[in-house]
Amino acid sequence: MSAARTTATAARVLRQLRHDPRSIALMLLVPVLMLTLLRFVFDGSPRTFDSIGASLLGIFPLITMFLVTSIATLRERTSGTLERLLAMPLGKGDLIAGYALAFGAVAVVQSLLATGLALWLLGLDVVGSPWLLLLVALLDALLGTALGLFVSAFAASEFQAVQFMPAVIFPQLLLCGLFAARDTMQPVLEGISDVLPMSYAVDGMTQVLTHTDMTADFVRDAVIVAACALLVLALGAATLRRRTP
Amino acid sequence: MMNNPQAPPPDDSAPPAAPAPPAVHARGLTVRRGTGRSPRTVIDSIAFDVPRGRITGLLGPSGCGKSTLMRSIVGTQAHVTGTLDVLGRPAGHPGLRSRIGYVTQAPSVYDDLTVRQNLDYFAAVLHPGRAAADRRRDTVTRAIADVDLTSRAGALAGNLSGGQRSRVSLAVALLGTPELLVLDEPTVGLDPVLRRDLWNLFHDIAATRGATILVSSHVMDEAERCHDLLLMREGRILAQDTPDALRTRTRSATVEEGFLRLVDEANATANAHTHADALADAGADAKSEVTR
């Protein structure tokens, strides 16, 4: 791997994004608008807004980065640019780290906006440090990037890539503890939710919500999400083939 | 079969042959494509050499295996068997990646970047690091000028015409002065003036930079512009020769005519075989002398 090639790739991905202001606006504004909406949906029960709002701060970056990465890498595969890059002296790791770096940077901006708005304008009541919220959001974004990259290998078209969103993300969303506490679920489902990474993303957010300090559970959650992201990124790298079958 | 079984010296009246080992050296090269139960043999045990410093045209009808052969040479094709050496190393060797320029059939550039941004990125992959920044700027500027897109350098690739986009793709391959340029139908869909200009550029690159160029086409009139020809059909090499030698040998006025004559001969032989096989199957052993 080469740091210069990785940063060149990240800069290229961001440059591509800059030519698409509408996508930037959607990525940055949709979470903000949804949180605002949620705040007034739960106008009468601020406690509910606290718990769901904090969870969503972790889920938004995951979903956005999943979608963006799966489409972006699919386009790279179908346009022939991937074949060209792999025929050049570019390591697979350079390409993947470049994507992760670029979309990670977008995720930081997205999370800063969403977290800032939720805490200071919408009155989200968080006991712990907002920086920890941001850290979890960033790890979630990385996980989303990793999942999107991996899944794009199994999609032959943008149509299929978009359908992977409900297939990969919705089950995690239902089982992550957002709708019902995980320990109240049917035991089999609880077991499944134990191995899905989004459960730990949401749990990490809840830890920050209810504890002043960084708890042992929070550290465990953050490590698990980060490890999952790295594992899936490695799997994604394996799906980049230098050779056409 | 007409392909030369021996290595460097092309028999006929070919001008001075390549000195060093050839740029591409293939023996018994076979490529199977398709996944799972029914792999298809796309290239069937072919042998050829591409001499250094010259323009070799790879010609043949669509679907005859030209692109697969080019991918094999560049090292992006799986299931390649037999001998295939490129610039003295086995095809696909990582050390070759910066020495080969490759242009795919469909323009492979980023539509949502400008011409210059596209080239900047690919140049950064070839020559990474801040120390090479000046060199990168020079090669990018030269590559854009080579393909005559200087006035469009700031335009988004997606907003260019088809011919302009394929020239951006070609410019990427010209970055970093490759020793071997593999160009898959680079002149398809271009107007005659542009085609002539590009061919002049190819000759210029071969002459002044000493690069070897392997260029595919299914337009036979482009064959006359090559130094050497590889005629392909249905995954086999029909002939390897210079345009002059090919015309003389087939007693044809043009390469196209010569190619068609070779195809007809090959078809006649193949038909004779299948016909004979069919008869043999039917039990007509009287025809057995025709079979191989």
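No lab work stands behind these numbers, since they all come straight from the coordinates. Here the structure is a predicted model, which is why all the values come from computation and not from measurement. FYI the Cβ positions are ideal-geometry reconstructions off the backbone, even for glycines, and counts take in every protein chain you see.
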(request) Whole Å is fine, so just give me how far the alpha carbon centre of segment B:68-98 lies from that of segment B:224-238. (result) 19
(message) Checking understanding here: applying a Kyte-Doolittle mean of at least 1.6 and a length along the axis of at least 18 Å (C-alpha), which whole DSSP H helices in chain A pass?
(response) A:21-41, A:130-152, A:216-238
(message) Could you check the spin-label model distance between B:ARG99 and B:THR83? Points 7 Å from the Cα along Cα→Cβ, value in nm.
(response) 1.8
(request) Please provide three numbers in whole Å: the alpha-carbon extents of the protein assembly as shown along the principal axes, with the largest listed first. (result) 93, 65, 35
(message) Which residues among segment B:62-92 fall inside the zone where the amide N is under 20 Å from a point 7 Å beyond the Cα of B:ALA106, along Cα→Cβ?
(response) B:62-72, B:74-78
(request) Pick out, from A:ILE224, A:GLY144, A:GLN207, the residue whose Cα sits farthest towards the positive end of the charge dipole of chain A, with +1 on the Cβ of Lys and Arg and -1 on the Cβ of Asp and Glu. (result) A:GLY144
(message) If a paramagnetic tag sat 7 Å from the Cα of A:LEU113 along the Cα-Cβ line, which residues of segment A:12-48 would have the backbone N under 15 Å from that point?
(response) A:17-37
(message) Tell me whether chain B comes out rounded, prolate or oblate; compute the Cα gyration tensor, take square roots of the eigenvalues as a ≥ b ≥ c, and use a/c under 1.5 as the rounded threshold.
(response) prolate
(request) Only Lys, Arg, Asp and Glu count, each charged at its Cβ (+1, +1, -1, -1), so figure out the dipole size of chain B about its Cα centre, rounded to 20 debye. (result) 1040
(message) Going by amide H atoms built from the backbone, whose H comes under 5 Å of the H on B:ILE237, apart from near neighbours?
(response) B:ALA47
(message) Could you check the spin-label model distance between A:ALA156 and B:ARG130? Points 7 Å from the Cα along Cα→Cβ, value in nm.
(response) 4.8
(message) Per residue of segment B:76-85, what does 6.51 cos²θ - 1.76 cosθ + 1.60 with θ = phi - 60° give for ³J(HN,Hα)? Whole Hz please, x for Gly and Pro, Karplus curve as stated.
(response) 10, 10, 8, 6, 9, 10, x, 8, 9, 9
(message) I need the P(r) histogram for segment A:3-238: all alpha carbon pairs, bin width 10 Å from 0 out to the longest distance, whole percents.
(response) 8, 32, 35, 19, 5, 0
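Determine the gain in length on full extension of the stretch A:LEU174-A:MET214; use 0.36 nm per residue of separation and subtract their C-alpha separation, reporting nm with one decimal. Mind dumping the intermediate values first?
On the way: separation 40, 0.36 × 40 = 14.40 nm, distance 2.65 nm.
Going from the current span to full extension adds 11.8 nm.
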(request) State the antiparallel share, in %, of DSSP beta bridges confined to chain B, rounding to the nearest 5. (result) 55
(request) With a Förster radius of 22 Å, plug the Cβ-Cβ distance of A:THR36 and A:THR184 into 1/(1 + (r/R0)^6) and report the FRET value to the nearest 0.05. (result) 0.15
(message) For B:HIS273, project a label point 7 Å along Cα to C-beta. Then give me every residue of segment B:240-256 with its amide nitrogen under 20 Å of that point.
(response) B:240
(message) Could you work out how much longer the chain between B:ASP44 and B:ASP244 gets when fully extended? Use 0.36 nm per residue separation minus the Cα distance between them, nm to one decimal.
(response) 69.3 nm
